[in-house]
Amino acid sequence: MKHLCARRLMAVTLLALGLHAAPNLALADNKAVATDEMEAYLDFVDYGGATIFPEQIPKDDWKKFFVIDARDKDQFAKEHIAGAVNLEWRKVLAQRQLIPKDKPVLIYCNTGSLSAQAGFALRVAGYENVRILQGGFAEWKNKGGFDAASKAVAPAQH
């Protein structure tokens, strides 16, 4: 009887250890898959990492983009690019069903660093149509907003 109890205790202990370890094994597998996906993306992506400068977008082409303001709602409420949709950078994957795959997507934040992270996540998730606005909202404003492209090609004023 004593031997049977010891076996049961051992079996229950092993089962408990196995159940405890299972989520960690699944997490390790998920990390490996994520790492493989990011590695494949880095092998594939062009040098600029899908960035685009404000002056590369002619005024009439802005309406072709689904524009995402990746800043928080207070910054968005204060000022944003007209027509932009506010999806905070940390939540773009959770709200990806709102993001089209059949038209160009442009994502920006204040300076481009947070939108670059969100854009990277989206591109790894299969959104090859995502571009990150280099320099973010600040650079867009400084370069002339929707008129940045025409100002970039205008003759210098002396």
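The values are calculated or read from the model by the stated rules, or taken from the named source; none is laboratory data. Because the structure is predicted, anything quoted here is derived from the model rather than measured. Here the Cβ is made from the backbone with ideal geometry for all residues, glycine too, and neighbour counts use every protein chain on show.
The table that follows gives values for the structure above.
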quantity	calculated
Some residue of the range 94-116 being surrounded by fewer than 18 Cβ atoms within 10 Å (Cβ to Cβ), in a helix (DSSP H, G or I) and among the small types (G, A, S)	yes
Conditions (1) in a loop (DSSP other than H, G, I, E, B); (2) at pLDDT 95 or above; (3) under 18 Å from the mean Cα position of the chain (by Cα): number failed by V67	(1)
Residue in the range 119-141 that is assigned by TED's automatic domain parsing to the domain that holds I57, more than 19 Å from I57 (Cβ to Cβ) and touching a residue at least 40 places away in the same chain (Cβ under 8 Å) present	yes
Close pairs from the range 98-110: first within 13 Å of A138 (Cα to Cα), partner of a type in the set (K, R) and at pLDDT 95 or above, Cβ under 6 Å, at least 6 apart	C109/R71
Looking only at the range 117-158, and only at residues there that are in a helix (DSSP H, G or I) and among the charged types (D, E, K, R), the one that is farthest from K78 (Cα to Cα)	R123
The range 142-152, subset in contact (Cβ under 8 Å) with a residue 40 or more places away in the chain and surrounded by fewer than 19 Cβ atoms within 10 Å (Cβ to Cβ), residue nearest to D61 (Cα to Cα)	F146
Close pairs (7 angstrom Cβ cut-off, 6 or more residues apart or separate chains): within 13 Å of I107 (Cα to Cα) in the range 71-85, buried (at least 16 other Cβ atoms within 10 Å of the Cβ) and β-branched (V, I, T) anywhere	I81/V67; G83/V67; A84/V67; A84/I68; V85/V67; V85/I68
Matching entry among A77, A32, A21 (being aliphatic (A, V, I, L, M), modelled with pLDDT of 70 or more and not assigned by TED's automatic domain parsing to the domain that holds F146)	A32
